[in-house]
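One structure is given here, and the rest of the page talks about it.
Coordinate-derived values only; no laboratory data. Please read these numbers as outputs of a predicted model, since none were measured by experiment. With ideal geometry, Cβ positions are generated from the backbone for all residues, glycine too; neighbour counts draw on all protein chains shown.
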Amino acid sequence: LKIPAAFIKQMTGAPGWREADFCALLESGEQVQSIRMNQRKMSDPDQLNFKERSAVPWASAGFYLPERPKYTLDPLLHAGAYYVQEASSMFLEQAIHQLLSQKNGLRVLDLCAAPGGKSTHLRSLFPDDTVLVSNEVIKSRVTILEENLLKWGNSHQIITNNDPRDFRKADLLFDVIVVDAPCSGSGLFRRDPKAMEEWSEELVELCGQRQKRILADIWPCLKENGWLIYSTCSYSMQEDESIVDWVLSGFEAGTAKLQLDPSWNVIESESPVKKGLGYRLYPDRLMGEGFFLAAFQKGGETEKKQIRKNRVKLEKATKQQIEDIREWVKPGLSGFYMLNDVMVGMGEPVLELLGDLSPLYIRRAGVTLGKWAGKQLLPDHALALSQDLSAAISRIELQDTTALQYLRKEEIHLDSAKPGWNLVTYKGLGLGWMKVLPNRSNNYYPKEWRILMQSGR
Ligand code: SAM
């Protein structure tokens, strides 16, 4: 596959661009593998099934792996112990840590969130009293976002399915907005050669227009002094520095200067007109794909929004329902509500923010706990993966082979297990539910999530 000539031509003069090194790297076929660990589920990286690994220097839970494992056949992936993420994207952590000295009690929006790489990362970077809203406009992509966030297991979040402009209708402002914009994808040329076939100058132009539209739509939802972090996986200045210029020309804003460790080889760039700062990551300079990030702080006064009265209305769970659920959840979870006959649990900050989101299409809020069939509680799969699940729940620990059988939704024969609902675990982490009956057990792993890949490790 050939790097498009028009791309090379367009890149001439771009900050940090080294044509010969870049082309040689792509030709070498060298690839980089990386994951980001879920430290709330797994504190010791030695518990991972990857013995050889090295740290991603700009991300506290990021690790490089020497080669691509069969991730699908690792039960820990399905337990949400880690997320497979390209290392350069993890640079977002530097912006969050360096720009926000105070991370408590915030409202964070990840506007272009599917499949959830930045959202799972953001969720790990903030304490639980900060609420994360993960939004994805394309309906078919919300499913994978939901799956990845459920596996990550944090309940202090809301998943929405809206166009960026819809957020203007909501009565709320965010402290931090992340716009990981849809782009022409040149940053993925090395990993995904198809991106080279699809690349064109017209695509870059189109993406630039769309990026401006998204930013203009969401800018009014940012608090005064709040941060909007913009990123792309494109090398094109039209989608990077030119966008920085466009924001600085149109809005009252300034860009952030981040401290860079020289050994990272991240390039600081200046936008041509307004001299706004941005950060470029190139695969021929560091271990990661192409990535660009700039952070804007909002100046000036934010237009005060009209307070709406029609807040999202939630039905409170009954006393009996709350009593039934108590033994299943940790004490920290305070609010129990019914949404279409399903019980959800959430803390006060999520509940508050949910009310303000009323004009939006809300896919999930907090953690889905379960529903009742007559008097019987059927625990939800989300609860099995949740960090709010009670430690007292009966568990069945599975080893590699049986864990994979479980994840394939096969029947599992157990010699001894407590009758009733059991949490199936692997290395102590929840994978899903199993109901043990007198002479068999029912595998409750969600059909649509079951793994189809055969062959052992
Ligand atoms: N942040 C994600 C992550 O880290 O896993 C990747 C996001 S991807 C680069 C961009 C996302 O923007 C896609 O999920 C895409 O569906 C969505 N998107 C496409 N058009 C959009 C639009 N007009 N407004 C907002 N989002 C859009």
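Structure summary
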read-out: Karplus-derived HN-Hα couplings along region 121-126 (A = 6.51, B = -1.76, C = 1.60, θ = phi - 60°), whole Hz, x at Gly and Pro; value: 5, 4, 4, 6, 7, 10
read-out: In sequence order, calculated HN-Hα J values of region 196-210 (Karplus, 6.51, -1.76, 1.60; Hz; x Gly/Pro); value: 5, 5, 7, 6, 7, 4, 5, 5, 4, 4, 4, 5, x, 4, 5
read-out: Calculated from backbone phi, Karplus (6.51, -1.76, 1.60) coupling profile of region 230-240 in Hz, x at Gly/Pro; value: 10, 9, 9, 10, 10, 8, 5, 4, 4, 9, 10
read-out: Estimated FRET transfer efficiency (E52, L437; beta-carbon r; R0 30 Å; 0.05); value: 0.10
read-out: Test item: Cα-centred dipole of region 177-258, Lys/Arg +1 and Asp/Glu -1 on Cβ, debye; value: 280
read-out: Interchain or long-range residues, amide H under 5 Å from N38's placed H; value: Y82, Y83
read-out: Linear extension gain, S28 paired with V273, 0.36 nm per residue minus alpha-carbon span; value: 84.6 nm
read-out: Ratio Rg/Rh, restricted to the chain and using Cα atoms, in which Rh is the Kirkwood radius; value: 0.99
read-out: In nm, spacing of pseudo-spin labels at R40 and D400 (7 Å Cα→C-beta vector); value: 3.0
read-out: Inter-probe distance in nm under a simple model that places probes 7 Å from Cα toward Cβ, at K375 and T318; value: 1.2
read-out: For L339, residues with placed amide H under 5 Å, excluding near neighbours; value: V344
read-out: Positive-end residue, the chain charge dipole about Cα centroid, Cβ charges, pick of F63, V84, L351; value: L351
read-out: Candidate lysines - alpha carbon under 23 Å from K257, same-chain residues fewer than 8 apart omitted; value: K103, K118, K212, K223, K274, K275, K298
read-out: Mean ellipticity per residue at 222 nm, deg cm²/dmol - from DSSP H runs of n ≥ 4 across the chain, formula -39500 (n - 2.57); value: -7000 deg cm²/dmol
